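The values are calculated or read from the model by the stated rules, or taken from the named source; none is laboratory data. Keep in mind it's a predicted model, so treat the numbers as computed, not measured. Cβ: placed from backbone, ideal geometry, glycine included. Neighbour counts: every protein chain shown.
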Amino acid sequence: MKIRYDFVTNSSSSSFIVFLDKIPQNIEELQKMIFGNDKIFKDPFSFSKGRKKNYPAYVVSKTVYEDMIKNGVLKVGRNKKIRKLLIKTVKGCDEFIDWDEFKKPIISCKKINTIPQECKNIHCCYYDRKVGIGCLDVYFDWEAYNIENEKRVIIWVNKVIDENIGKFVFVVSYSDNDGDYFCALEHGNLFEKLKHYQISHH
């Protein structure tokens, strides 16, 4: 499985599933959980021209705290509410499966700019230009992929619930499309001191 627990790049946004032993009652408590004694959050792209080198830990903690309160905190248990939250967060994530498992060969594709019969009922073909420009020699079986992906999502969700029974969980999302600050939150390993999963949405 390719769900990342640390630094993720080249994604438009990421959702963070964060587990806590207790619910923080204020920004300062959450800051202690996220940063310990650190007073700054380093921008992972500070080497880029015009980027800040760091942000105050309190400012970042305030952002996360407000998002946490807005989105809600749940106690982890084997119930529909937790399962729904986790499934919704990871649904559509393409990191549970190796895409190559669902490439199907097309042996009849020999002419450039033709679409073989095998592709006509497939929502999207996988383009592989080994044969020639614009020529398809494999297609992607979206139906089989979606069915198998849903199965693996359920297995993963059940495992995560079992491993975190009794803890508290919240979900926040940040995108590098929203500017430098939120880009840093997405890619800067913000929750490294906490049990969490980072789900990259491409």
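What to note about this one:
- Close pairs (7 angstrom Cβ cut-off, 6 or more residues apart or separate chains): free of Cβ contacts under 8 Å to residues at least 24 places away in the same chain in the range 182-202, in a helix (DSSP H, G or I) anywhere: Phe182/Asp176
- Hits in the range 64-94 - residues which are under 21 Å from Leu185 (Cα atoms), part of a loop (DSSP other than H, G, I, E, B) and at pLDDT below 95: Cys93
- Complete set of residues in the range 8-27 that are under 22 Å from the mean Cα position of the chain (by Cα) and either surrounded by 15 or more Cβ atoms within 10 Å (Cβ to Cβ) or modelled with pLDDT of 95 or more (or both): Val8, Ser11, Ser13, Ser14, Ser15, Phe16, Ile17, Val18, Phe19, Leu20
- Search result, residues across the range 28-43 that are surrounded by fewer than 17 Cβ atoms within 10 Å (Cβ to Cβ) and either among the basic types (Lys, Arg) or not in a loop (DSSP other than H, G, I, E, B) (or both): Glu28, Glu29, Lys32, Lys39, Ile40, Lys42
- Note on the range 124-202: enclosed strands (runs of 3 or more DSSP E) holding 1 or more residues that are modelled with pLDDT of 75 or more are 168-175, 195-201.
- Whenever a residue of the range 151-180 is polar (S, T, N, Q), its partners that are part of a loop (DSSP other than H, G, I, E, B), lying with C-beta atoms within less than 8 angstrom and at least six residues away or across chains, give the pairs Asn164/Val76; Ser175/Ser12; Asn177/Ser12.
- In the range 179-191, the residues that are touching a helix residue (DSSP H, G or I) at 6+ places or on another chain (Cβ under 9 Å) and either among the aromatic types (Phe, Trp, Tyr) or surrounded by fewer than 16 Cβ atoms within 10 Å (Cβ to Cβ) (or both): Tyr181, Phe182, Phe191
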